[in-house]
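What follows is a single structure, written as structure tokens, with notes after it.
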Amino acid sequence: MSNTEHGAAINRGNRPLSPHLQVYKPQITSVMSVFHRITGVGNSIGAILIAWWFIAAASGPGQFDFINGFLTSWFGHLLLLGFTFSVCYHLCNGIRHLLWDAGYNFGLDAVRTSGLVALAAAGLMGVGLLIVGWMN
């Protein structure tokens, strides 16, 4: 072991090897990143439900009645409501990431502002879709 490695091993003590969630204060970027990943999984599950609904519609009335009954129940409505907001959030935050990929909004104030704008836009979009859905 070299002197550098030996010194690092001695100075490590009882500290954790890497920082973890108990060390960092949540910031808008980290919270939105976690929710972006969660909504990505939620969108996949929602897409499977919608695909199941279409496949059942093409398969016959028995299969369609089952999935349609599930999706029109209170629990199905709750799932579809969550799916709607999940898609809206994921889309708005994805556009925010595209702006970052293009080299925009890297300043601390711009990052916070774009996060709040993405949240507000997702909320407005979700509420707008709900209103349109209730009107039909």
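The values are calculated or read from the model by the stated rules, or taken from the named source; none is laboratory data. Remember, predicted model here, so these are calculated numbers, not experimental data. Cβ coordinates were reconstructed from backbone atoms using ideal geometry, including for glycine residues, and neighbour counts include every protein chain displayed.
Here are the numbers for this structure:
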| item | result |
| --- | --- |
| Scope the range 98-116; condition part of a helix (DSSP H, G or I) and either aromatic (Phe, Trp, Tyr) or touching a helix residue (DSSP H, G or I) at 6+ places or on another chain (Cβ under 8 Å) (or both); matching residues | Leu99, Trp100, Val111, Arg112, Ser114, Gly115, Leu116 |
| All positions within the range 91-112 that are polar (S, T, N, Q) and either more than 20 Å from Phe35 (Cα to Cα) or at pLDDT below 95 (or both) | Asn105 |
| Positions within the range 96-124 being among the aliphatic types (A, V, I, L, M) and touching a Ser or Thr at 6+ places or on another chain (Cβ under 9 Å), in sequence order | Leu99, Val111 |
| Boolean, Ser86 is surrounded by 12 or more Cβ atoms within 10 Å (Cβ to Cβ) and in contact with a Ser or Thr (Cβ under 8 Å, 6 or more places away or on another chain) | yes |
| Selection from the range 115-134 of residues that are in contact (Cβ under 8 Å) with a residue 60 or more places away in the chain and either over 19 Å from Pro26 (Cα atoms) or not aliphatic (A, V, I, L, M) (or both) | Gly115 |
